[in-house]
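Okay, so here's the structure we're looking at.
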């Protein structure tokens, strides 16, 4: 099965409490009213094993929410999500079921457990999901630590590590689960150029060596140029068709022009 992921007309909205004030203005007249807020309206996407895709957009537009939908942290209000050719029903759409199908998630802040050492952090999901004997788990952890070049940090606690090293450990923890699809929320955020250039080839190795499909949410279009992957823009609650870096660079699309302006300023 070459297909890693397919989204078909995926929508997501949530209910929020908003204050409503009756005239004349008075605190005693303020009531909370439930209101539905739409975040994703008809996302469509198809990608294959071994493919890397960047989803870019302006801050606060819902890119991370879309990633959470794919990871099972949120449930679609409408539409279908297929993983490796298998459609999951709404009842099955949860983080545990999706992780069992080979989907991993790397959060922007790493989400490492502060009172566990690096090796323990990487091993934790393997123990939780009972993925092997103690010897097999140790081998998987060693392989992940070596892939991300953090074996020398294995007995340190997260708070003693640099931002770049914490990013690597978070990726190692996700990769130890042998994901067929890896979701990454802005993995380069907070990194200087040195750490960025060190991390890029480590991420790309997963695609090249293990045919891992990778989705990266970012506002930095240069990441797609460095990884030579396509970009989908998330704008107006919709996901555009994936296109090349050069396509968006020369596009008259307002969001693309804004993102490239930010890129030029940064360079």
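The values are calculated or read from the model by the stated rules, or taken from the named source; none is laboratory data. Owing to the predicted nature of the structure, the values given are computational and were not obtained by experimental measurement. Backbone-built Cβ (ideal geometry, glycine too); neighbour counts: all protein chains shown.
Residues of region 129-147 that are modelled with pLDDT under 90 and either within 11 Å of residue 176 (Cβ to Cβ) or crowded, with 18+ Cβ neighbours inside 10 Å (or both): 129, 131, 132, 147. The residue that is surrounded by the most Cβ atoms within 10 Å (Cβ to Cβ), counting only those in region 82-120 that are touching a residue at least 12 places away in the same chain (Cβ under 8 Å) and within 22 Å of residue 15 (Cα to Cα), is 93.
Checking each residue in region 202-228 for being farther than 23 Å from residue 64 by Cα and modelled with pLDDT of 90 or more picks out only 211.
Within the set 126, 183, the sole residue that is at pLDDT 90 or above and assigned to a helix (DSSP H, G or I) turns out to be 126. Residues in region 151-180 that are over 24 Å from residue 50 (Cα atoms) and assigned to a loop (DSSP other than H, G, I, E, B): 154, 155, 156, 157, 161, 162.
Just for region 42-78: of the residues that are in a strand (DSSP E or B) and surrounded by fewer than 17 Cβ atoms within 10 Å (Cβ to Cβ), which one is farthest from the chain's Cα centre (by Cα)? Step by step, filter region 42-78, then rank; the result is 78.
Screening residue 214 with (1) free of Cβ contacts under 8 Å to residues at least 60 places away in the same chain; (2) surrounded by 22 or more Cβ atoms within 10 Å (Cβ to Cβ) gives one miss only, at (1).
Please state which one of 259, 221, 199 is farther than 17 Å from residue 48 by Cα, free of Cβ contacts under 8 Å to residues at least 40 places away in the same chain, touching a helix residue (DSSP H, G or I) at 6+ places or on another chain (Cβ under 9 Å) and surrounded by 19 or more Cβ atoms within 10 Å (Cβ to Cβ). Step by step, each of 259, 221, 199 is checked, and only 199 is farther than 17 Å from residue 48 by Cα, free of Cβ contacts under 8 Å to residues at least 40 places away in the same chain, touching a helix residue (DSSP H, G or I) at 6+ places or on another chain (Cβ under 9 Å) and surrounded by 19 or more Cβ atoms within 10 Å (Cβ to Cβ). With the condition kept exactly as written, say whether any residue in region 154-177 is in contact (Cβ under 8 Å) with a residue 12 or more places away in the chain, within 23 Å of the chain's Cα centre (by Cα) and on the phi > 0 side of the Ramachandran plot. No.
Might you let me know whether region 208-221 holds any residue that is part of a helix (DSSP H, G or I) and within 23 Å of residue 137 (Cα to Cα)? Checking region 208-221: at least one residue is part of a helix (DSSP H, G or I) and within 23 Å of residue 137 (Cα to Cα).
Would you be able to say whether some residue in region 233-249 is in a helix (DSSP H, G or I) and in contact with a strand residue (DSSP E or B) (Cβ under 6 Å, 6 or more places away or on another chain)? Checked region 233-249: at least one residue is in a helix (DSSP H, G or I) and in contact with a strand residue (DSSP E or B) (Cβ under 6 Å, 6 or more places away or on another chain).
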